[in-house]
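Engineer: This is the structure I have questions about; it appears just below.
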């Protein structure tokens, strides 16, 4: 899983999704009753549900049926409605008709979903150039050849020997890419002094540099895929809680004319080609029970 964003430029991406939520909370007078939508609160919520995300099996994971930003807005709207019906909903929990976990954790699940979406957007924003697939075995072989040559060239340089020892400690794909880049830089910076002291040529260094680039691209693509899957995992937990809570809410208001307006079900967006003149609604009310 890719690490949470820490760069201010990355974190600022949250603002575009947060604006509508903050306006919604302010309109309802609940800005002070919900955690801040600052990135720290989002990250904390994400970390709390992370064990549950990772426990989901592949068969359980859902693809978002509507844009995640819209799902999060609906989640907050549902949360606000739940606050009004909380005593009655707790009675459904007491008789086993509703999960207490869903009732207590909806807010956390919504915040975690938003953060997972931001992680995915940040990962997707990386412009990874097209490159050939990394040949990891060949890259490892080249790394070892450079290390062996470096051991000989700098055999009397204690400082460089310690540096080479640190390079040998890495074992991940990211380490492999970093090690190759570091070794290429090491040789090139001292090339005028060491030329002829080993079998390594400038062409070998160029090949090593290409291997490093391909391995790095492989790492970045893997991170993108993991971020995408974690976003879908977060949506799955949110979806389960939302569907259960909205069904319970519609049951409470079943005698009213349109309970689905208070507790709307999640619905995918209609096709853009279905009606070019009328905007497609995000939520379509379910039939009355």
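Engineer: Against the condition more than 23 Å from the chain's Cα centre (by Cα), surrounded by fewer than 14 Cβ atoms within 10 Å (Cβ to Cβ) and part of a loop (DSSP other than H, G, I, E, B), how does residue 97 come out, does it pass?
Structural biologist: Values: more than 23 Å from the chain's Cα centre (by Cα): yes; surrounded by fewer than 14 Cβ atoms within 10 Å (Cβ to Cβ): yes; part of a loop (DSSP other than H, G, I, E, B): yes.
Here the answer is yes, as residue 97 does meet what is asked.
Engineer: Assess whether residue 224 counts as being assigned to a loop (DSSP other than H, G, I, E, B) and touching a residue at least 12 places away in the same chain (Cβ under 8 Å).
Structural biologist: It is false that residue 224 is assigned to a loop (DSSP other than H, G, I, E, B) and touching a residue at least 12 places away in the same chain (Cβ under 8 Å).
Engineer: When you look at residue 177, is it assigned to a helix (DSSP H, G or I) and not assigned by TED's automatic domain parsing to the domain that holds residue 60, yes or no?
Structural biologist: yes
Engineer: If you don't mind, there's one more thing I want to ask. Please find, within the range 164-177, the residue that is nearest to the chain's Cα centre (by Cα) out of those that are surrounded by 15 or more Cβ atoms within 10 Å (Cβ to Cβ) and without any contact (Cβ under 8 Å) to a residue 24 or more places away in the chain.
Structural biologist: Only one residue fits best here, namely 175.
Residues checked against (1) in contact with a strand residue (DSSP E or B) (Cβ under 7 Å, 6 or more places away or on another chain); (2) at pLDDT below 85; (3) not in a loop (DSSP other than H, G, I, E, B):
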{"position": "91", "(1), (2), (3)": "no, no, yes"}
{"position": "105", "(1), (2), (3)": "no, no, yes"}
{"position": "114", "(1), (2), (3)": "no, no, yes"}
{"position": "118", "(1), (2), (3)": "no, yes, yes"}
{"position": "131", "(1), (2), (3)": "no, yes, no"}
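Engineer: In this structure, is residue 106 surrounded by 16 or more Cβ atoms within 10 Å (Cβ to Cβ), in contact (Cβ under 8 Å) with a residue 24 or more places away in the chain and closer than 17 Å to residue 244 by Cβ? So that I can check it myself, show each step before the final result.
Structural biologist: Working: surrounded by 16 or more Cβ atoms within 10 Å (Cβ to Cβ): yes; in contact (Cβ under 8 Å) with a residue 24 or more places away in the chain: yes; closer than 17 Å to residue 244 by Cβ: yes.
It is true that residue 106 is surrounded by 16 or more Cβ atoms within 10 Å (Cβ to Cβ), in contact (Cβ under 8 Å) with a residue 24 or more places away in the chain and closer than 17 Å to residue 244 by Cβ.
Engineer: Failed condition for residue 259, given (1) closer than 30 Å to residue 63 by Cβ; (2) at pLDDT 85 or above; (3) touching a helix residue (DSSP H, G or I) at 6+ places or on another chain (Cβ under 6 Å), with all others met?
Structural biologist: Residue 259 satisfies all of (1) closer than 30 Å to residue 63 by Cβ; (2) at pLDDT 85 or above; (3) touching a helix residue (DSSP H, G or I) at 6+ places or on another chain (Cβ under 6 Å) except (2).
Engineer: Let me ask something else about it. Tell me which residues, restricted to the range 58-74, are closer than 17 Å to residue 115 by Cα, in a helix (DSSP H, G or I) and touching a helix residue (DSSP H, G or I) at 6+ places or on another chain (Cβ under 8 Å).
Structural biologist: Correct list: 68, 69, 71, 72, 73, 74.
Engineer: Within the range 193-213, is even one residue closer than 30 Å to residue 231 by Cβ and either touching a residue at least 24 places away in the same chain (Cβ under 8 Å) or crowded, with 19+ Cβ neighbours inside 10 Å (or both)?
Structural biologist: To start, the set of residues in the range 193-213 that are closer than 30 Å to residue 231 by Cβ comprises 212-213.
Pick out the ones that are also either touching a residue at least 24 places away in the same chain (Cβ under 8 Å) or crowded, with 19+ Cβ neighbours inside 10 Å (or both) and you get 212-213.
Scanning the range 193-213 turns up at least one residue that is closer than 30 Å to residue 231 by Cβ and either touching a residue at least 24 places away in the same chain (Cβ under 8 Å) or crowded, with 19+ Cβ neighbours inside 10 Å (or both).
The values are calculated or read from the model by the stated rules, or taken from the named source; none is laboratory data. Keep in mind the model is a prediction, meaning the values are calculated, not measured. Every residue, glycine among them, receives a Cβ derived from its backbone with ideal geometry; neighbour counts consider all protein chains shown.
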